[in-house]
1. Do we have any residue at all in segment B:63-84 that's under 15 Å from the mean Cα position of the chain (by Cα), among the hydroxyl-bearing types (Ser, Thr, Tyr) and closer than 24 Å to A:Lys37 by Cβ?
2. Inside segment A:93-109, can you point out the residues that are within 9 Å of chain B (Cβ to nearest Cβ) and in a strand (DSSP E or B)?
3. Go through segment A:34-65 and count every residue that is in a loop (DSSP other than H, G, I, E, B), surrounded by fewer than 18 Cβ atoms within 10 Å (Cβ to Cβ) and among the hydrophobic types (A, V, I, L, M, F, W, C).
4. For the list (1) polar (S, T, N, Q); (2) more than 30 Å from A:Leu9 (Cβ to Cβ); (3) at pLDDT below 95, I need the number of the one condition that B:Asn65 fails.
5. Restricting attention to segment A:36-59, which residues are of a type in the set (Val, Ile, Thr) and more than 16 Å from B:Tyr99 (Cβ to Cβ)?
6. Name the residues in segment A:54-71 that are touching a Leu at 6+ places or on another chain (Cβ under 9 Å), more than 14 Å from every other protein chain (Cβ to nearest Cβ) and of a type in the set (A, V, I, L, M, F, W, C), would you?
7. Restricting to segment A:72-92, and then to whatever is buried (at least 22 other Cβ atoms within 10 Å of the Cβ) and within 14 Å of another protein chain (Cβ to nearest Cβ), can you tell me which residue is farthest from the chain's Cα centre (by Cα)?
Amino acid sequence: EDKVVQSPLSLVVHEGDTVTLNCSYEVTNFRSLLWYKQEKKAPTFLFMLTSSGIEKKSGRLSSILDKKELSSILNITATQTGDSAIYLCAVAGSQSGTYKYIFGTGTRLKVLA
Amino acid sequence: NAGVTQTPKFRVLKTGQSMTLLCAQDMNHEYMYWYRQDPGMGLRLIHYSVGEGTTAKGEVPDGYNVSRLKKQNFLLGLESAAPSQTSVYFCASTRGYSYEQYFGPGTRLTVT
């Protein structure tokens, strides 16, 4: 059965700390891995990683895909209170012509001032 | 450019009632999706569509029906609501399969 597992489930840090969020997956016919940030409402897109693009960086956020280990990490450096959110990992795969995105349950990050 | 919009934002139903959730996108995306989000369960795919006039089942389709009569709209119907369908429903769209999804603001549905 396809699955995406994120760890830790929750994390509390202080402003300025660096955090690493983990995502491991077992998904049939992997196509891409995506990271989203969810604050109060809808998830917003952060990064997409594929076999041809295994590292992405944007400001203080960066992500790496390890296709051998079937995992990805999301790093946030110099955290700010505005980084407090749930971070979701999703993997796009397919099986017998059916397309699907499998989401993890998320990591809840709280950054204290 | 509104992106993805959903109506209504909130709804309370009694068991057995029916309703339709509307999703609209103005990005000319081919693919559209309906998810439900429950505490501790993450986002689960209900149904999706790869183009106008097409629909397909996702991970948890039972109790829901969908239609995609126009490219920009994707409707989710509950024919006979049950308390187990209490959830937050998100619609999303993508320009193609496996690309980033753009999500609507969500609909919070409570079935009593």
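The values are calculated or read from the model by the stated rules, or taken from the named source; none is laboratory data. None of the values given here were measured: they were computed from a predicted structure. Cβ sites come from the backbone with ideal geometry, for glycine too, and all protein chains shown count toward neighbours.
1. No, that holds for no residue.
2. A:Gly93, A:Ser94, A:Thr98, A:Tyr99, A:Lys100, A:Tyr101, A:Ile102, A:Phe103
3. Total meeting the criteria: 1.
4. That leaves (3) as the condition not met.
5. A:Ile54
6. A:Ile54, A:Leu61, A:Ile64
7. Across segment A:72-92, the extreme among qualifying residues is A:Ala92.
Let's see how each residue does on (1) touching a strand residue (DSSP E or B) at 6+ places or on another chain (Cβ under 6 Å); (2) within 21 Å of B:Tyr102 (Cα to Cα); (3) not small (Gly, Ala, Ser):
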site: A:Thr20; (1), (2), (3): yes, no, yes
site: A:Ser24; (1), (2), (3): yes, no, no
site: A:Val27; (1), (2), (3): yes, no, yes
site: A:Leu34; (1), (2), (3): yes, yes, yes
site: A:Leu61; (1), (2), (3): yes, yes, yes
site: A:Lys68; (1), (2), (3): no, no, yes
site: A:Leu74; (1), (2), (3): yes, yes, yes
site: A:Tyr101; (1), (2), (3): yes, yes, yes
site: A:Lys110; (1), (2), (3): yes, no, yes
